[in-house]
Structure formats: structure tokens, C-alpha cells
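**Student:** Below you will find the structure I want to go over with you.
What follows is calculated from the coordinates using simple rules that are stated; it is not laboratory data. Keep in mind that this is a model prediction, so the values were computed, not measured. Backbone-built Cβ (ideal geometry, glycine too); neighbour counts: all protein chains shown.
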């Protein structure tokens, strides 16, 4: 318990998005982590600023469990107007079930996003994960579970929500060379009472080591919410390039 409290404090203090690669028990024993950041400043014909940063802190007991947490934020402004302002915090605990490649996991998450009119989204869930290795073709992970979700919107038009959703995902990772890794994760999260109300999340990442513990990340994300707040697009697409330092 003392360690978990220390972990959460460390995450919050770091004020820091992080690799999407699935975590394996025993792959990186002990305490570890990484920080990630990117920024763009433009002046002249274009007047804009974009910032994003994230951090992960992880503890792996090398045998039966691993616990990790991410914290991230993104902010952007163009011609004096803010057009991105969001935060994300996620803590997850993964434990072996009866075989090394079958795990149970539990997680909590908090996020905000001004431009999808989400003042606060809180969720807590539990599930099972199955992992299989395809030798030289990488590793595949299948997950199934559920979570409870609470959403407060920034508008008076949209009623606050309390939902229960299924959480189904597939993930893949492969290390092509010592310095090049690829990861993908896709989530399908329908409401248990209204399957037409679902969230799709897809992220793909290429991580290339450029010097010792410093890497460059190329990430593409596509998310779809079939029932967003009034006036909000049903999909989001983003491409991001950032630097990552592992410790």
C-alpha cells in the first residue's frame, strides 16, 4: 500500500502520455518509468503554440504482478485562441491468474477534454487478458472485461451520464530490431444496455531509439464516439511526433 501511494504521488508530481505498448509481467523487474514530450511554436504568418507531455511510472515484481500509471496533458493555442486542452490519468494493476500468459487486471482512469465538452470522465473497471507470442512475428494480447463510467459535461444541454460498458481490446507489439519497436492497441467499448452507443479507440506507435535511453515516437490515433456531446464530432484523428526518455 505504501508503494502504491508513492507511485501515484510520483505520477502526479511528474505532471507528465507514454508508450502504448502492452506491459508484460517480469519483462522489466523493479521500478522504472519514462517521460515524453513535444512542443511546436510558430510565429509570423502562423501564430500558434502546441505542447504535450506525459510520464509513466511502473513497478514489476518480476513474478506475479505489475502496476503502472500514466499521466498526460495536451494544450494548444492558435491566433490567441485555445483549441486543445485535455488531461489524462490512468492507473492499472495486472496479476497472473493461473498461467503466465493469462492475467486479470483492474484499472481506474480520469480525463478531461474542453473541446469534446467533457468536464470530467471517471471510470473504474476489471477484466481478463490473454497473451500469446508468435515467435518472430510479435506478441498479441486479447482483453475482455467491463467498467463503470461517470461523465460530467461542460454544457447545460448534455445531461451527466452514468454508464456500464464492456471493454474489449486487441493489442500487438513487435521489436523489429534492438532500436525499433512497433505497438498497436484497439478498444471497443459498447454500453451494455445500448450497444449502438459505443466508443472505438485505435492507437499505433513506432518507437525508434536514437541515443542510449532517448527515443523518438511516431504515433497515430483514431477515436470514435457514436454519442458525443451536442455539437461535437463523432471522430478524432491525430498524428504526433515526440521524444521519450526511459529511466
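**Student:** Quick check on the chain: helices-only [θ] at 222 nm, where DSSP H runs of length 4 and up contribute -39,500 (n - 2.57) each and the sum goes over total residues. Nearest 500, please.
**Tutor:** Counting only the DSSP helices, I get -1500 deg cm²/dmol.
**Student:** With only alpha-carbon pairs counted, each pair once and no self-pairs, how large is the Kirkwood hydrodynamic radius of segment 54-93 in angstroms?
**Tutor:** After inverting the pairwise mean of 1/r, the radius is 12.2 Å.
**Student:** Can you give me the Rg/Rh ratio for segment 26-170, using Cα atoms for both radii and the Kirkwood formula for Rh?
**Tutor:** My calculation puts Rg/Rh at 1.06.
**Student:** Take residue 83 and residue 110, extend 7 Å from each Cα along the Cα→Cβ direction, and tell me the distance between the two endpoints in nm.
**Tutor:** For the pair residue 83/residue 110, the computed spacing is 3.0 nm.
**Student:** Moving on to the next point. Normalise the Debye intensity by I(0) for segment 132-247, one equal point scatterer per Cα, no solvent, then take log10 at q = 0.21 Å⁻¹ and round to two decimals.
**Tutor:** Once normalised to I(0) and log-transformed, intensities are -1.16.
**Student:** Next up: Given q = 0.11 Å⁻¹, what are the Debye log10 I(q)/I(0) values for segment 99-172, with equal point scatterers placed on the Cα positions and solvent ignored?
**Tutor:** -0.41
**Student:** Dividing the convex hull volume of the alpha carbon atoms of segment 143-182 by its residue count, what do you get in Å³ per residue?
**Tutor:** Numbers: hull volume 4.8 nm³, N = 40.
Dividing the Cα hull volume of segment 143-182 by its residue count gives 121 Å³.
**Student:** Taking a quarter of the surface of the convex hull around the Cα atoms of the chain, what do you get in nm²?
**Tutor:** Numbers: hull surface 60.0 nm².
Dividing the Cα hull surface by four gives the mean projection, 15.0 nm².
**Student:** Would you mind pulling out the separation of the Cα centroids of segment 214-247 and segment 133-211, in Å?
**Tutor:** The two parts, judged by their Cα centres, are 12 Å apart.
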